[in-house]
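What follows is a set of notes on a single structure, which appears directly below.
Bear in mind these aren't lab numbers, they're just calculated from the coordinates by the rules spelled out. As the structure is a computational prediction, the values presented were derived from the model and not from experiment. For neighbour counting, all protein chains shown are included, and Cβ atoms are generated from backbone atoms with ideal geometry for every residue, glycine included.
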Amino acid sequence: MLESMRDKVAIAGVGTAGLGEAHGFSEIELLAQAASRAVRDAGLTMADIDGICTASSSATMWAMPVVEYLGLRPKFIDSTMLGGSSFVAHLLPAMLALASGQCNAVLVCYGSTQRTATFGRREVVKARALLDPQPFEQPYQPISPITSYALAAQRHMHQYGTTRRQLAEVAVAARKWAQMNPEAYKRDPLEIDDVLASRMVSDPLSVLDCCLVTDGAGAYVLVRTERARDLPHKPVHVLGSATAVWNRQISSMHDLTVTAAAESGPRAMQMAGVTHRDIDVIELYDAFTINTVLFLEDLGFCAKGEGGSFVENGGIAPGGHTPVNTNGGGLSCVHPGMYGIFILIEAVRQLRGECGERQVPSARIALVHGNGGTLSSQSTAILGNEIP
Amino acid sequence: MVDNNEVSARGPEAHYFGRLSEGVFEIQRCGACGRHQFFPRVLCTHCGSEDLNWVTPSGRGTIYSYSVVRRKPEAGGDYNVVLVDLDENVRLMSRVEGVEPGELRIGQRVQARVAVEDGKGVLVFDLVEESHA
């Protein structure tokens, strides 16, 4: 039945704000700037927006201040919080709301001042331990979230012979894409040996295996396809969307080398009616270098255990066999706490052909994959500038 | 084994940590499907039954994965975080005590021990030499 949704909804506008460092701005100010730009990009005004999706990693009732700040009267509200994948996971509920006529234009938005905020990481960790306890993990002081990803990386290396050098390939590929993206935060040269020599944080992951900590906001606007055709940009159709969650804690994950992307990926591709051969560009949530390896495997772009060799020799870098994370990723472009909305925005820009030097030639279909928590939530979307 | 009346007197989380503070490590075994689970819950994640019993596991297990968290010496130095698969087929997070960070390997056999400090129990593991029978 979901297959009938593949021609119903399109992304009509995208916007970003405050990428990198946004001194002097609050979270909601950045969010509202990105929202305003996305609405304008869609050829609409804020008065046209009657659906809202948003999430915050600190405020538990975040939809309300966002609605208030933007002056909205939404008929559809989704503030589902699944960590960084949330803004990919918001797609399907929004599509159903649009298709049913519950609302006519949905704004999905997020903003964070994680880099410049005075409320520091130490306070956040302390507050989380009280408000959202994990009594069976906290006594052992894993650094959240990196130690969880490190445990997965260590297991993958043990089970499949994946090497730190192969993980470093992911960071270097991301940097090479970032060097072609004027919006990217980190654009200085990076070699594999630099990654290998960087400070170890939680073995086997070093500081250059980890995503950036930046400010930034992103937003996109969804409308029904027939309306999108009358708006300024060529519509980017949401062909498929699926979300899967199997666990929250890394200690509850059945197999640390297999994420729920192995479920969300096939479901999204089935809904979209596409196969791997149809995918021209891939945007994955690379919070850590191991993510890219795990998701390429779980999403079926290579066999389980072969992700390391898949990314070797610049395989996913510019000029490689598969374009992955073309904005520079969370590793080198932007990562304000939750990154999921930015992979969708990059996919839209690629499908519109707006990416200049880093443009993947004649990209028609993109796969977007969001991750949240500690490999906990997985959400896949298939976007296309045509309906296959 | 502890009877279910005690389970119903307090939630499984309070029971688990209460027993741990007495120096006793217990996990749940399902009376309906016979499987163990960790962490403790009010229902079995294998079959949904609420017929859960507390049992004392062998405490023997195998390191499934590990990480060494790097910390400045003045803050206490490096420490390890491990995932252990108990022989009862459940996984949990813990640490291995008395080892240098470089000594840890996936597949090493470990034995559980309850360390009680200031009236609070913490489950930790020690490496054990074990011949492969």
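Given labels modelled 7 Å from the Cα in the Cβ direction, how far is it in nm from B:Glu117 to A:Thr275?
That separation, rounded to one decimal, is 5.8 nm.
If you look at just the Cα atoms of segment B:4-55, how large are its Rg and its Dmax in Å?
10.2, 30
At each listed q (0.17, 0.22 Å⁻¹), what is the log10 of I(q)/I(0) that the Debye formula gives for segment A:73-209 modelled as equal alpha-carbon point scatterers?
For the requested q values the scattering log ratios are -1.17, -1.27.
If each residue's Cβ is checked for other Cβ atoms within 10 Å, how do B:Leu20, A:Leu96 rank with the fewest at the top?
Fewest-to-most Cβ neighbours within 10 Å comes out as A:Leu96, B:Leu20.
Using only alpha carbon positions, build the gyration tensor of the protein assembly as shown, then give the equivalent ellipsoid semi-axes as the square roots of 5 times its eigenvalues, largest first, whole angstrom.
The three semi-axes for the protein assembly as shown are 41, 26, 22 Å.
Once you put a point 7 Å from the Cα of A:Glu312 and another 7 Å from the Cα of A:Lys234, both along the Cβ direction, what distance in nm separates them?
Placing both labels 7 Å beyond Cα along the Cβ direction yields 3.7 nm.
Residues of A:200-211, mean number of Cβ from any other protein chain within 10 Å of their own Cβ, rounded to a whole number?
Across A:200-211, the average partner-chain Cβ count within 10 Å equals 3.
Per-residue Cβ counts within 10 Å, from other chains only, averaged over A:147-155: what number is that?
Counting Cβ atoms of other protein chains within 10 Å of each residue's Cβ and averaging gives 5.
Considering every pair of different Cα atoms, what Kirkwood radius, in Å, is found for segment B:60-127?
About 12.5 Å for segment B:60-127.
I need the Kirkwood Rh of segment A:164-302: take the reciprocal of the average 1/r across all distinct C-alpha pairs and report it in angstrom.
17.7
What do you get for the angle between helix B:12-21 and the principal long axis of chain B? Use alpha-carbon atoms, 0 to 90 degrees, nearest ten.
In chain B, helix B:12-21 runs at an angle near 50 degrees to the longest axis.
To the nearest 500 deg cm²/dmol, what mean residue ellipticity at 222 nm is calculated for chain A from DSSP H runs of n ≥ 4 alone, each contributing -39,500 (n - 2.57), summed and divided by the residues?
Rounded to the nearest 500, it is -10000 deg cm²/dmol.
Per residue of segment B:66-74, what does 6.51 cos²θ - 1.76 cosθ + 1.60 with θ = phi - 60° give for ³J(HN,Hα)? Whole Hz please, x for Gly and Pro, Karplus curve as stated.
Computed from phi, the couplings for segment B:66-74 are 8, 9, 9, 7, 8, 9, 4, x, 5 Hz.
Aspartates and glutamates near A:Lys176 by alpha-carbon distance under 19 Å, same-chain residues fewer than 8 away left out - which ones?
A:Asp188, A:Glu191, A:Asp193, A:Asp194, A:Asp209, A:Asp280, A:Glu283, A:Asp286, A:Glu312, A:Glu346, A:Glu354, A:Glu357
Could you compute how fast segment A:265-388 diffuses translationally, taking Rh as the Kirkwood radius over C-alpha pairs and applying Stokes-Einstein at 37 °C with viscosity 0.692 mPa s? Give it in µm² per second.
It comes out at roughly 228 µm²/s.
I need the Debye-formula profile for segment A:243-306: one equal scatterer per C-alpha, no solvent, reported as log10 I(q)/I(0) at q = 0.13, 0.28, 0.30 1/Å, two decimals.
One equal scatterer on each Cα of segment A:243-306 leads to -0.36, -1.42, -1.49.
When you count, for each residue, the other Cβ atoms within 10 Å and take the mean per peptide, how do A:55-65, A:157-167, A:287-297, A:239-249 rank with the highest first?
Put in order of decreasing packing, that is A:287-297, A:239-249, A:157-167, A:55-65.
Hey, fewest Cβ within 10 Å first, where do A:Val223, B:Val24 land in order?
B:Val24, A:Val223
Tell me which lysines have Cα within less than 24 Å of A:Lys234's Cα, excluding those fewer than 8 residues away on the same chain?
Within the straight-line cut-off, A:Lys234 pairs with A:Lys8.
When only alpha-carbon atoms count, how far does chain B stretch along each of its three principal axes, as whole angstroms with the largest first?
Principal-axis extents of chain B (Cα, largest first): 47, 39, 22 Å.
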